[in-house]
Every structure is written in structure tokens, then in C-alpha cells.
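Worksheet: the structure to be examined is printed underneath.
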Amino acid sequence: MAINFFEEGVSSGIRHRNKTKQWLKSIAEQKGYKIKNLNYVFCSDEYLYDLNVQFLNHDTYTDIITFDQSESKDAIEGDIYISTERVKENALKLDTEFQTELLRVIIHGLLHLCGFRDKTKTESLGMRNEEDKALDIYKEINP
């Protein structure tokens, strides 16, 4: 199992990296998956915008893009790009702490790789519920 955190010109802002990795592993296992290779790349708005245009043909800013590289149904392999600038802005808009919003986005990407979607209102509500449950688990292991 390999979970890697990379910083592309920005600071990730992650606290407790090893505990965060264990948390991600436990959530994946609860969903019936094993993490084989998962890379988180923390970057700027512009960096992520360029990826969004180049690979997804979306001319919009976003906080996260998830690329699924998995070759089998129960093993997770992927690259997750997160704009820390966008996470900071969203934390302000939502009146929440940066760290909480960062963890929400981190788990959001993993949940996508576990098969959760958020295209419809119902899917978005389900995703939010899964994020909340995962954040509660994080708080239990990191009081």
C-alpha cells in the first residue's frame, strides 16, 4: 500500500500525515477496497484549472480532480489533484476551518475511487453523508 502526498508549488496544509494515511486506508477497507497506490497532489488553482481544461475539457475552476487508474474492482490506484487555494476559499464561504475542508476534499476523492458519484442532487447528498461519516471517524482517531 502506498499513499503519497505531493506538493506542486504549494503547501498541502496536512497535519498528521501518517494518521491521515491510516484513516484513508481504513475508510477504503470499510468500503471493500484495498489501496494499492494513491497519490494526492496539492497544487494551485491555475495548475488544477489547466488539468481540468486539458484532460476533462471543463473550462472551470474546481477544488479537486480524481483520476482513476485502477485495474481491478477491489484495488484503488489513482491520482487526486487538490487546489489548496480553492479549499481555503471554500472554507471561508462555508464558515469552516481550513483543515476540516481539506480533509473533506481528501476523502471526497477517495470516495470517488470507491464508486461514489455526485452528479445528481441525490448522489451529492449521499456523498456528503459519506464524507461526514468519514470525518467523524477521523475525529475519533485524532481528538
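The values are calculated or read from the model by the stated rules, or taken from the named source; none is laboratory data. Because the structure is predicted, anything quoted here is derived from the model rather than measured. For neighbour counting, all protein chains shown are included, and Cβ atoms are generated from backbone atoms with ideal geometry for every residue, glycine included.
Observations
- Residue satisfying condition, being within 22 Å of Arg15 (Cα to Cα) and at pLDDT below 95, within set Lys73, Lys119, Lys88, Lys139: Lys139
- Of the residues examined, Thr122 is one that is without any contact (Cβ under 8 Å) to a residue 12 or more places away in the chain and over 15 Å from Cys43 (Cα atoms).
- Out of Ala91, Ala134, one residue alone is buried (at least 16 other Cβ atoms within 10 Å of the Cβ), in contact with a Phe, Trp or Tyr (Cβ under 6 Å, 6 or more places away or on another chain) and among the small types (Gly, Ala, Ser). It is Ala91.
- Residues located in segment 97-114, provided they are in contact (Cβ under 8 Å) with a residue 40 or more places away in the chain and either surrounded by fewer than 12 Cβ atoms within 10 Å (Cβ to Cβ) or over 21 Å from Ser12 (Cα atoms) (or both): Cys114
- The residue that is surrounded by the fewest Cβ atoms within 10 Å (Cβ to Cβ), among those in segment 22-57 that are of a type in the set (Gly, Ala, Ser) and part of a helix (DSSP H, G or I), is Ser26.
- When the residues of segment 58-88 are filtered to those that are closer than 18 Å to Arg117 by Cα and among the β-branched types (Val, Ile, Thr), the one that is surrounded by the most Cβ atoms within 10 Å (Cβ to Cβ) is Ile82.
- Qualifying residue in segment 48-69 (condition: of a type in the set (S, T, N, Q), modelled with pLDDT of 95 or more and closer than 27 Å to Ser26 by Cβ): yes
- Identity of the residue in segment 2-19, touching a strand residue (DSSP E or B) at 6+ places or on another chain (Cβ under 8 Å) and either part of a helix (DSSP H, G or I) or hydroxyl-bearing (Ser, Thr, Tyr) (or both), that ends up farthest from Leu103 (Cα to Cα): Ser11
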